[in-house]
Amino acid sequence: MNATPPQDTLRHLRTPLPPGPRAWLDDALAEAERTGGPSSTDPPGTTPAWELRFAAAGRSCGAEHADAVRTALLAAVRPAPEDLARLYHHGSAAERRAVLHALPHLLTGPHALPLVEDALRTHDARLVAAAVGPYAAAHLDQHAWRHAVLKCLFTEVPVSAVADLPRRARGDADLARMLADHAAERTAAGRPVPDDLYHVLALAAQGPRRPAEEC
């Protein structure tokens, strides 16, 4: 979901929603576009109305739709990087995921990398999966990106969640070494080596890797 533009997400999201949640979503988006962002008219010190909607998305539209609904709300509001950081750090795990999913649609620069790095320090597999999307692919340096791939293997996040994996892994000798070491450690401990590790190792063996400036 995190690579899908919010408008496409909305088109697919409205269809399965029952009438009540669909009406709630339409009202929330209209309110977000009217009152959110830098020109918000909410009095100082009060929680903006769109943030209350953001928090209520799971209860109002169902947990299975909450990530997409919250991403759409963020796309409508287009919060400043500092507001995204506040939402992330004060939010639940589900709200943090939504912030991470929304990043490639909201920011073109690396301002939100600390949020990605924070998520990668957790052991929440769904948060890690959200962290390795298109924003991380575009902005993590190669060293940090390699460790993000390893974190996916440690937390059993499918490497299919890693955006732009074939390009960034291709011909990366350091990544291949790290993967081989990890496989040897698992084998020595009598633990199975996941197929995903061999998949990424095969990608890393294809080379040479594209220039760093393209990563």
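Annotations for the structure displayed:
- Residue within region 29-37 that is open to solvent by 50 Å² or more (accessible area, probe 1.4 Å) and either in contact with a Lys or Arg (Cβ under 8 Å, 6 or more places away or on another chain) or modelled with pLDDT under 90 (or both) present: yes
- Top-ranked residue in region 38-65 [being surrounded by 13 or more Cβ atoms within 10 Å (Cβ to Cβ) and among the acidic types (D, E); ranked as modelled with the highest pLDDT]: E51
- Among the residues listed as L73, L17, L87, the single one being in contact with a Cys (Cβ under 9 Å, 6 or more places away or on another chain) and modelled with pLDDT of 75 or more: L17
- Scanning region 111-140 for residues that are of a type outside the set (A, V, I, L, M) and in contact (Cβ under 8 Å) with a residue 24 or more places away in the chain yields H111, P114, E117, D118, H123, D124, R126, G133, P134, Y135, H139.
- Region 121-137, subset of a type outside the set (S, T, Y) and crowded, with 20+ Cβ neighbours inside 10 Å, residue farthest from E64 (Cα to Cα): A136
- Enumeration of residues in region 97-112 that are assigned to a helix (DSSP H, G or I) and open to solvent by 10 Å² or more (accessible area, probe 1.4 Å): R97, H101, P104, H105, L106, P110, H111
The values are calculated or read from the model by the stated rules, or taken from the named source; none is laboratory data. Just so you know, these numbers come straight off a predicted model, no measurement behind them. Glycine also receives a Cβ, built like all others from the backbone with ideal geometry; neighbour counts cover every protein chain displayed. Only protein heavy atoms, including side chains, enter the accessible area calculation; ligands, DNA and RNA are left aside. Shrake-Rupley method; radii C 1.70, N 1.55, O 1.52, S 1.80 Å.
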